[in-house]
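Comments concern the structure below.
The values are calculated or read from the model by the stated rules, or taken from the named source; none is laboratory data. In this text the structure is predicted, and so the values were computed from the model without any measurement. Please note: Cβ atoms are built from the backbone with ideal geometry, for glycine as well, and neighbour counts cover all protein chains shown.
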Amino acid sequence: MNDLAIRAVGLGKRYRIGAQVSYKAMRDTIMEAVKAPLRATAGWMRGHKSTKPAVEASQLWALRDVAFEIKQGQAVGIIGRNGSGKSTLLKVLAQVTEPTEGYAEIRGRVGSLLEVGVGFHPELTGRENIYLNGAILGMRKAEIDRNFDEIVAFAEVEKFLDTPVKHYSSGMYVRLGFAVAAHLETEILFVDEVLSVGDVAFQEKCLGRMKHAASGGRTVLFVSHNLLAIQALCQHALWLDQGRVVAEGRPAAVISSYLQHVRTTTTEIVYEGPAEAPGNDVVRLRRASVQPLSQDSLGSITVRTPLLIEFEVWNLRAGIRFNCGFNLYNEYGIHVFSTGTVDFDSYPEGLIRLSCEIPGDLLNTGVHRIEFFVMLSETEIPLVCTDLLTFEVADSLILRGGYFGEWPGAMRPKISWTTKVLREPVPKPVILGG
Amino acid sequence: MPELDHKSLRVMRPSHGLISLQLLRLWEYRELLFFLAWRDLKVRYKQTVLGVAWAILQPLATMLVFSIFFGRLAKIPSAGVPYPIFVYCALVPWQMFSFVLTESGNSLLHNQYMLTKIYFPRLVVPIAPVLTALVDFAVAFTMLVGMMVYYGVVPKATVLLLPFFLALALLTALAVGVWLAALTAEYRDVRHTIPFLTQFWMYVTPIVYPSSLVPEKWRILYGLNPMAGVVEGFRWALLGTPPTPLAALFPSLLLVLLLLFSGLIYFRRLESTFADVI
């Protein structure tokens, strides 16, 4: 017998949008049936065939021809842009909605976490909602009883168990919802984007829990935009775009293709002739590029990758002295650093290449933009090219110590720490007498 | 790693043709049924002053108004028993019936959020109000017992047939409720017919008047109304008022079963579309 947990063959889901997107009224259906024979008669009298209704409903294939196999115990990540069909796929597999074509086979009990707090009623207390939510998710009362204390501890709502949930903060609400679902004991788990709720500390907890589930031999299907978490938790990834499976394979490779496709980056720009090249009668820019300098076969840029930045400049006047360099900005608009040549060297007429290397383990993740400039002196800056190059720095699992959350900061330099135990006793507190 | 057997293989594919009623699946999810009913009861009585007493107040208040206007002023005959108990005995099963019909009919809309997020056999939703209604019925029934004591009515052995009439009322309400629920999910305006339906049905059921008021030639047609049988049956079983309704009951029972069965099939056929249309 095979060890497949989930198998999908030619899955498709079609939605009708447009004319039928508003609720149907029975009155309309009856009227249509009454009008139709009249319309047909009118058409016949005019010599036409029976006419169709004037407005044609248009169709949207949320899923088309989706096929894959997932082994038992595998953790699979599903990535894609918003609207690519990821949530629809989970809904079909979770039997919330039916496929229009194709089929899927699932072996094992499914616990699905498509949204936190399904069934929560604001008037009921935390305690009552735990039971209600658990029952809706398919847990037996005995199961909920068994895990009750753990659920409360995970959600950190001990003090508020008997308060109606309508008084909870949004954070508590989400924690409680996730806590119940996190204790599902099913063989298969579907998780849809729920890890993007809550604060950083809580997300950490959730991811830790997911890891526990994934490594515990359960089959996990994981839809998320947190590409780092997918990379860390999953052995296999699916990339969905417009309802179709575009790529499948090891997470690192799939994510890399996805990022390259999705984020428009300009890592190289070349101007053919001085006429179109930015600049003036002194200098004109011919080419600029940013390339990763590592053996990483995927050609992607991570926080660890050293980068080679190259500029090729036409010098139009012999003997001119200039410096050139660039300003680096991150996606928050923060000016990360500036660098350039400093000696105001003089150059002959012709094409000059200036390059530099940004060491790895320096930049933080995110989209970075390069603004190139040429300076004739401290006050004369004849050429400035804003947003000349953009590149994305992806995260890397190394050096994170298992931490999956956001790591803020304009830079992320690798800095070594030394720790030493000093053999000094801890001073006793001095009690001030009266 | 838990062992997986062939039985736990599920296939998701477009459904067509004969669809099973999945009654076994419903049994598996019986705990959810209880939790939904429990939820509705709890929510109803949270933050209320009178709490459960509301279950008595409604039939009681209605009885008072009916007794004054129909019993005393309009002088409608009450088959040999005092009018208040005559009408209250009918109101208890009626209000349970009307509650189940309304709540089941609207159940899919009230729970639409859950329908789009998680799987469970959708039939659980219109069935849950039956459990809630039973609780209300129990409370209203104790009041009825109190009234019987007050009026000195001694029940005969016919009381034992009461559960049968109760079941008939519930089956009827469920049959119509399931139809309405499925229709309401698909056609939004059906929901507005529910109050009219219950109002109309109340008038054609012998609650404020005895069925002896109905002319002989219409009696058979009138008897097809299952609730007529239920109400008269309740009165006969508890108070001993004529007529014994057994003859008319069988066709109406058949009608109810047909309605229920067809409703369940229709519901199951549409079930796969609920998450998409609701």
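What to note about this one:
- Among the residues making up segment A:174-183, a single one is aliphatic (A, V, I, L, M) and either touching a Cys at 6+ places or on another chain (Cβ under 9 Å) or surrounded by fewer than 19 Cβ atoms within 10 Å (Cβ to Cβ) (or both): A:Ala182.
- Verdict on B:Leu258 being free of Cβ contacts under 8 Å to residues at least 60 places away in the same chain, out of contact with any strand residue (DSSP E or B) (no Cβ under 7 Å at 6 or more places or on another chain) and more than 14 Å from every other protein chain (Cβ to nearest Cβ): yes
- Every residue from segment A:80-120 that is more than 10 Å from chain B (Cβ to nearest Cβ) and under 21 Å from B:Val277 (Cβ atoms): A:Gly83, A:Gly85, A:Ser87, A:Thr88, A:Leu89, A:Leu90
- Of the residues contained in segment A:155-173, one or more are found to be of a type in the set (Gly, Ala, Ser), surrounded by fewer than 22 Cβ atoms within 10 Å (Cβ to Cβ), more than 13 Å from every other protein chain (Cβ to nearest Cβ) and under 23 Å from the mean Cα position of the chain (by Cα).
- A:Gly108 of a type outside the set (Val, Ile, Thr), in contact (Cβ under 8 Å) with a residue 60 or more places away in the chain and in the same structural domain as A:Val254 (by TED's automatic domain parsing): no
- Residue match in segment A:179-189 (condition: of a type in the set (Gly, Ala, Ser), in contact with a Leu (Cβ under 9 Å, 6 or more places away or on another chain) and in a helix (DSSP H, G or I)): yes
- Any hit, segment A:387-404, residues being farther than 19 Å from A:Pro292 by Cβ, without any contact (Cβ under 8 Å) to a residue 40 or more places away in the chain and part of a strand (DSSP E or B): yes
- Taking segment A:55-122 as the region of interest, the strands (runs of 3 or more DSSP E) fully inside it that hold 1 or more residues being modelled with pLDDT of 90 or more and surrounded by fewer than 20 Cβ atoms within 10 Å (Cβ to Cβ) are A:58-71, A:101-107.
- Options A:Gly279, A:Gly249: the member that is in contact with a His (Cβ under 8 Å, 6 or more places away or on another chain) and of a type outside the set (D, E, K, R): A:Gly249
- Residue that is modelled with the lowest pLDDT [pool: residues in segment A:214-225 that are surrounded by fewer than 21 Cβ atoms within 10 Å (Cβ to Cβ) and at negative phi]: A:His225
- Options A:Val384, A:Val374, A:Val393; residue that is under 26 Å from A:His225 (Cα atoms), surrounded by 11 or more Cβ atoms within 10 Å (Cβ to Cβ), touching a strand residue (DSSP E or B) at 6+ places or on another chain (Cβ under 6 Å) and of a type in the set (A, V, I, L, M): A:Val393
- Breaking point among (1) part of a strand (DSSP E or B); (2) of a type in the set (Val, Ile, Thr); (3) in contact with a Gly (Cβ under 7 Å, 6 or more places away or on another chain), for A:Ile136: (1)
- For segment A:335-352, filtering for residues that are among the hydrophobic types (A, V, I, L, M, F, W, C) and either surrounded by 13 or more Cβ atoms within 10 Å (Cβ to Cβ) or touching a helix residue (DSSP H, G or I) at 6+ places or on another chain (Cβ under 7 Å) (or both) leaves 4.
- Leading residue by the ranking (modelled with the lowest pLDDT) among those in segment B:206-249 that are within 20 Å of the chain's Cα centre (by Cα) and farther than 15 Å from B:Leu166 by Cα: B:Ala248
- Count of segment B:155-184 residues which are among the polar types (S, T, N, Q) and buried (at least 21 other Cβ atoms within 10 Å of the Cβ): 2
- Residues in segment A:87-109 that are of a type in the set (Val, Ile, Thr) and under 27 Å from the mean Cα position of the chain (by Cα): A:Thr88, A:Val92, A:Val96, A:Thr97, A:Ile106.
- Within segment A:197-229, the only residue that satisfies the criterion of being closer than 18 Å to A:Thr88 by Cα and of a type in the set (Ser, Thr, Tyr) is A:Ser224.
- Every residue from segment A:283-330 that is touching a Lys or Arg at 6+ places or on another chain (Cβ under 8 Å) and of a type in the set (D, E, K, R): A:Glu310, A:Glu312
- Taking the criterion of being free of Cβ contacts under 8 Å to residues at least 60 places away in the same chain, surrounded by 16 or more Cβ atoms within 10 Å (Cβ to Cβ) and of a type outside the set (Gly, Ala, Ser), the only residue of segment A:249-283 that qualifies is A:Tyr271.
- Test: residue in segment A:196-206 that is touching a residue at least 40 places away in the same chain (Cβ under 8 Å), assigned to a loop (DSSP other than H, G, I, E, B) and surrounded by fewer than 19 Cβ atoms within 10 Å (Cβ to Cβ): no
- Residues of segment A:209-264 classified as within 17 Å of A:Gly73 (Cα to Cα) and part of a helix (DSSP H, G or I), total: 12
- Test result for A:Ala75, closer than 22 Å to B:Leu9 by Cα, in the same structural domain as A:Gly216 (by TED's automatic domain parsing) and in contact with a helix residue (DSSP H, G or I) (Cβ under 7 Å, 6 or more places away or on another chain): yes
- Hey, A:Ser300 in contact with a strand residue (DSSP E or B) (Cβ under 8 Å, 6 or more places away or on another chain), crowded, with 16+ Cβ neighbours inside 10 Å and hydroxyl-bearing (Ser, Thr, Tyr) or not: yes
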